[in-house]
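The structure appears below as structure tokens.
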Amino acid sequence: TNLMAISTILVTPIVGIASFVVLTFLSKYLDILILRKFCGVISKYSYAIFLSHHFLFTKILPHFNGIILKPSETYMLFGICCVIIGVVSRILLVVNDKVCIFCKKEIFSK
């Protein structure tokens, strides 16, 4: 079966679920401090990443509709999107923290 013949509506959740299962299995064998720290950072930003990636993909990807990209260009686009999502997620988390601190001080402490 040609993977391209399968709708992306099906491929995306299948790959996501398979990745989760594989990573869950491998996590037992990859208990390395640097990897644990990396996962800690990713989990700290995971909700901000989740929120921002949907929004940013809807803004960035329409510029590439109808364009056939080489695999290297696809990887580059993915990398650029990841960097932009990372920066926006960091900003979102900082703003969220400041709003929470303000609310605790000014609203909930009275």
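Computed from backbone phi, the HN-Hα couplings of region 48-58 come to 5, 5, 4, 5, 6, 5, 5, 5, 5, 4, 5 Hz, rounded to whole numbers (Karplus: 6.51 cos²θ - 1.76 cosθ + 1.60, θ = phi - 60°; Gly and Pro given as x). Near ASN96: Cβ cut-off under 13 Å, other residues only, Lys/Arg at +1 and Asp/Glu at -1. The net charge is +3. For the chain, the C-alpha radius of gyration sits at 1.42 times the compact-globule guess of 2.2 N^0.38 Å, with N the residue count.
Along the charge dipole of the chain, which of ILE34, LEU56, GLY79 sits closest to the positive end, that is, farthest toward it, with unit charges on the beta carbon of Lys, Arg, Asp and Glu (+1, +1, -1, -1)? Looking along the dipole axis, the top candidate is ILE34. Once the C-beta distance of VAL87 and LEU33 is scaled by a Förster radius of 30 Å, the resulting FRET efficiency is 0.70 to the nearest 0.05. In the elastic network of the chain, a GNM with C-alpha springs shorter than 10 Å, the most mobile of CYS81, CYS39, CYS100 is CYS100. Highest mobility in the GNM of the chain, judged by mean-square fluctuation with C-alpha springs under 10 Å and restricted to TYR47, TYR75, TYR29, is found for TYR29. Helical content of the chain, expressed as a calculated mean residue ellipticity at 222 nm, amounts to -26000 deg cm²/dmol (DSSP H runs of 4 or more residues, -39,500 (n - 2.57) each, divided by residue number, nearest 500).
The order of the peptides 84-94, 13-23 by mean Cβ neighbours within 10 Å, most packed first, is 84-94, 13-23. For the Cα atoms of the chain, what angle does the longest principal axis make with the long axis of helix 71-102, in degrees from 0 to 90, nearest 10? It works out to around 20 degrees.
Values quoted throughout were computed directly from the atomic coordinates according to the rules given, and no laboratory measurement underlies them. Keep in mind the model is a prediction, meaning the values are calculated, not measured. Methodologically, a virtual Cβ is constructed for each residue, glycine included, from the backbone with ideal geometry; neighbour enumeration extends over all protein chains shown.
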